[in-house]
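Take a look at the structure below.
The values are calculated or read from the model by the stated rules, or taken from the named source; none is laboratory data. Predicted model only: the values in this text are computed from it and were never measured. Cβ: placed from backbone, ideal geometry, glycine included. Neighbour counts: every protein chain shown. Surface areas here come from the heavy atoms of the whole protein model, side chains and all, with no ligands, DNA or RNA. Shrake-Rupley method; radii C 1.70, N 1.55, O 1.52, S 1.80 Å.
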Amino acid sequence: LRRNPSVVRSALPGASVKVNDQLWGRFEDVIAQGESLRIDADSVQEVFTGRTRARFLAWSIGGPRSQVVISGVKPDTISATFAADHRLQVIRTGVGQGTVTANRTGDLATGFFLTEGTPVVLTALPAAGSLFVGWRGDTTIVNPTITVPMGRPYDLEATFIVELDVPVADATTFSEYVYEIDA
């Protein structure tokens, strides 16, 4: 007589569960009927190199975050569901001056976490004498206002350069001068 294995797993890739105090992404073993298992999950855990956080929501069988379950006649599959919070971080680069604003509260320079699917509108505002030239990182675009959907983490750079005044005569005739802009 062959018995199928019982499974205790995280429904969110990268998040972990504890079975009998050992950490697992997916625990799978043949458990005898009547045997007890201690299951647990951290209330918040970092996944994907700290750019995403998993917040424990519930077990598929109900009950508290930390509990003891008894194996039944049939193999069990128990899933831990988590909500994902993704980090948004924006740094300013380039030799120009400017600021970046967001329609959500948080420190863009150090990064902050938002619930998955929460759209964020970012606006790059160049200071007088500077120009905004674009976004780099997890998205690349030149529009000063962008919306990031937060379906994943975002690390972005907003690049500003110094605006140069070029006399019309210099702009319309060949010149031996080469202008370098340090981005």
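With the requirement that a residue be open to solvent by 70 Å² or more (accessible area, probe 1.4 Å) and more than 27 Å from ASP85 (Cα to Cα), what does the stretch 34-46 give you? Don't jump to the end; show me each part of the working.
Residues of the stretch 34-46 open to solvent by 70 Å² or more (accessible area, probe 1.4 Å): 35, 38, 44, 46.
GLU35, the sole residue that qualifies.
So which residues in the stretch 46-56 are more than 26 Å from GLN67 (Cα to Cα) and not β-branched (Val, Ile, Thr), if there are any at all?
PHE48, GLY50, ARG51
Taking the conditions exactly as written (at pLDDT below 95, under 30 Å from ALA11 (Cβ atoms) and assigned to a loop (DSSP other than H, G, I, E, B)), does GLY106 satisfy them or not?
So GLY106 does not fit the description; no.
When only residues in the stretch 15-33 that are free of Cβ contacts under 8 Å to residues at least 60 places away in the same chain and open to solvent by less than 50 Å² (accessible area, probe 1.4 Å) count, which is farthest from THR115 (Cα to Cα)?
Looking at residues that are free of Cβ contacts under 8 Å to residues at least 60 places away in the same chain and open to solvent by less than 50 Å² (accessible area, probe 1.4 Å), I get ILE31.
Which residue is surrounded by the fewest Cβ atoms within 10 Å (Cβ to Cβ), if the candidates are limited to the stretch 1-14 and must be under 17 Å from ALA83 (Cα atoms) and hydrophobic (A, V, I, L, M, F, W, C)?
Step one: of the stretch 1-14, the residues under 17 Å from ALA83 (Cα atoms) are 9-14.
Remaining after also requiring hydrophobic (A, V, I, L, M, F, W, C): 11-12.
Working: ALA11: 14, LEU12: 22.
So, considering only residues that are under 17 Å from ALA83 (Cα atoms) and hydrophobic (A, V, I, L, M, F, W, C), the one surrounded by the fewest Cβ atoms within 10 Å (Cβ to Cβ) is ALA11.
Condition check: touching a Gly at 6+ places or on another chain (Cβ under 9 Å) and more than 30 Å from THR159 (Cβ to Cβ). Does ALA15 satisfy that?
yes
Being open to solvent by 50 Å² or more (accessible area, probe 1.4 Å) and within 14 Å of GLN89 (Cα to Cα) is the filter here; which residues of the stretch 139-156 pass it?
Across the stretch 139-156, the qualifying residues are THR147, PRO149, ARG152.
Can you find a residue in the stretch 87-100 that is out of contact with any helix residue (DSSP H, G or I) (no Cβ under 8 Å at 6 or more places or on another chain), at pLDDT 95 or above, within 30 Å of ALA11 (Cβ to Cβ) and polar (S, T, N, Q)?
Yes; the residues of the stretch 87-100 include at least one that is out of contact with any helix residue (DSSP H, G or I) (no Cβ under 8 Å at 6 or more places or on another chain), at pLDDT 95 or above, within 30 Å of ALA11 (Cβ to Cβ) and polar (S, T, N, Q).
Would you mind listing the strands (runs of 3 or more DSSP E) fully within the stretch 1-45 where at least 1 residues are more than 20 Å from the chain's Cα centre (by Cα) and under 12 Å from SER71 (Cα atoms)?
So the answer is 6-10, 26-29, 36-40.
Any chance you could count how many residues in the stretch 141-170 are touching a strand residue (DSSP E or B) at 6+ places or on another chain (Cβ under 7 Å) and either without any contact (Cβ under 8 Å) to a residue 12 or more places away in the chain or part of a loop (DSSP other than H, G, I, E, B) (or both)?
Of the residues in the stretch 141-170, the ones touching a strand residue (DSSP E or B) at 6+ places or on another chain (Cβ under 7 Å) are 141-142, 144-148, 150, 152-163.
Applying the additional criterion that residues be either without any contact (Cβ under 8 Å) to a residue 12 or more places away in the chain or part of a loop (DSSP other than H, G, I, E, B) (or both) yields 141-142, 144, 150, 152-153, 163.
Residues that pass the stated criteria total 7.
Can you name every residue in the stretch 67-82 that is of a type in the set (A, V, I, L, M) and in contact (Cβ under 8 Å) with a residue 40 or more places away in the chain?
We begin by selecting, within the stretch 67-82, every residue of a type in the set (A, V, I, L, M); these are 68-70, 73, 78, 80.
Within the stretch 67-82, VAL73, ILE78, ALA80 qualify.
Restricting to the stretch 84-119, what's the tally of residues that are in contact (Cβ under 8 Å) with a residue 40 or more places away in the chain, hydrophobic (A, V, I, L, M, F, W, C) and open to solvent by less than 40 Å² (accessible area, probe 1.4 Å)?
The total comes to 4.
Could you please find all residues in the stretch 47-83 being in a strand (DSSP E or B), at pLDDT 95 or above and open to solvent by 30 Å² or more (accessible area, probe 1.4 Å)?
Passing the criteria: ARG53, ARG55, PHE56, LEU57, ALA58, GLN67, VAL68, THR81.
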